[in-house]
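Reading through the structure tokens given below for one structure.
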Amino acid sequence: MTWLWVVLAAIVTLAGLFWVGRMPAGARPLAAAAVMLGLAGYALQGSPSLPGKPVAAPAEPEGFGEAITDQRRGMADRFGPAAQWLGMSDGFARTGKTALAAQTLEKGLAKYPDNVDLWVGLGNALVAHGGGAMSPAAALAFDEAAKRDPSHPAPPFFAGLAMAQGGDLKGAEAVWSQLLERSPPDAPWRADLEMRLAQLRRALGPQLPPETATER
């Protein structure tokens, strides 16, 4: 029964090419040969009689999130001058073009040098370009963002995220704890921050007091 559908699909394909697509007569033998080659390959390697075997998607590894793909939790202006540059940068980052993602934001900053969202986006892009590690350039971008608006939640949030991804769990815990202390109860990012902070503290485990560690 499966072979019947395969042959029928081949006939429909050829008919579409010959009559609907109005393929020139000189090209028809080549098209027919290509379809026949596909049928031959299926005959040699296909196994239509085998039962289906669904494969579950691999579980995502536990972590502290991705800085680039992370939703900004209401921290960024989605309709301001930074939105267009951030959108283009995110598009490059999703396709692995992290250098272009950072360069796009640098161009945006040339036009809007005091935009906090662009500085934070540049920090995220540089972290992604560095393989998830907090580089000096990324740290500088987060610092520049914080200088322009010390009350803005995005610089410490994403700086802490980059620290956690890079293995600096204590540094991330300190930055996120300070951010949580000054976050309003109804802040759209607070629940996410609390979840990440709790996960981070579980990863750190019980910590010895400084005096106890010294005695040992």
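Highest average first, the peptides 118-129, 172-183 ordered by how many other beta carbon atoms sit within 10 Å of their residues are 118-129, 172-183.
Determine the alpha carbon to alpha carbon distance for each of Lys111/Lys147; Lys107/Lys147; Lys97/Lys147 and list only those over 26 Å.
With Cα atoms farther than 26 Å apart: Lys97/Lys147.
Karplus-based coupling profile of the range 108-116, in residue order and whole Hz: x, 5, 5, 8, 10, x, 9, 7, 5, with θ = phi - 60° in 6.51 cos²θ - 1.76 cosθ + 1.60 and x standing for Gly or Pro. 3J(HN,Hα) couplings calculated from phi for the range 165-179 with the Karplus curve 6.51 cos²θ - 1.76 cosθ + 1.60 (θ = phi - 60°) are, in sequence order, 5, x, x, 8, 5, 5, x, 5, 4, 5, 5, 5, 4, 5, 5 Hz; Gly and Pro show x.
Applying the Karplus relation 6.51 cos²θ - 1.76 cosθ + 1.60 with θ = phi - 60° to the range 117-134 yields 3J(HN,Hα) values of 4, 5, 5, 5, x, 5, x, 4, 5, 5, 5, 5, 5, x, x, x, 9, 7 Hz, where x marks Gly and Pro. Sort the range 111-191 into rounded, prolate or oblate with this rule: let a ≥ b ≥ c be the square roots of the eigenvalues of the Cα gyration tensor; rounded if a/c is under 1.5, and if a/c is not under 1.5, prolate when a/b is larger than b/c, oblate otherwise. Because a/c hits 1.5 or more and a/b fails to exceed b/c, the range 111-191 counts as oblate.
Each value in this text was obtained by applying a stated rule to the coordinates, not by laboratory testing. Model, not experiment: these values are computed from the prediction. Note that each Cβ is placed from the backbone with ideal geometry, even for glycine, and that neighbours are counted across all protein chains shown.
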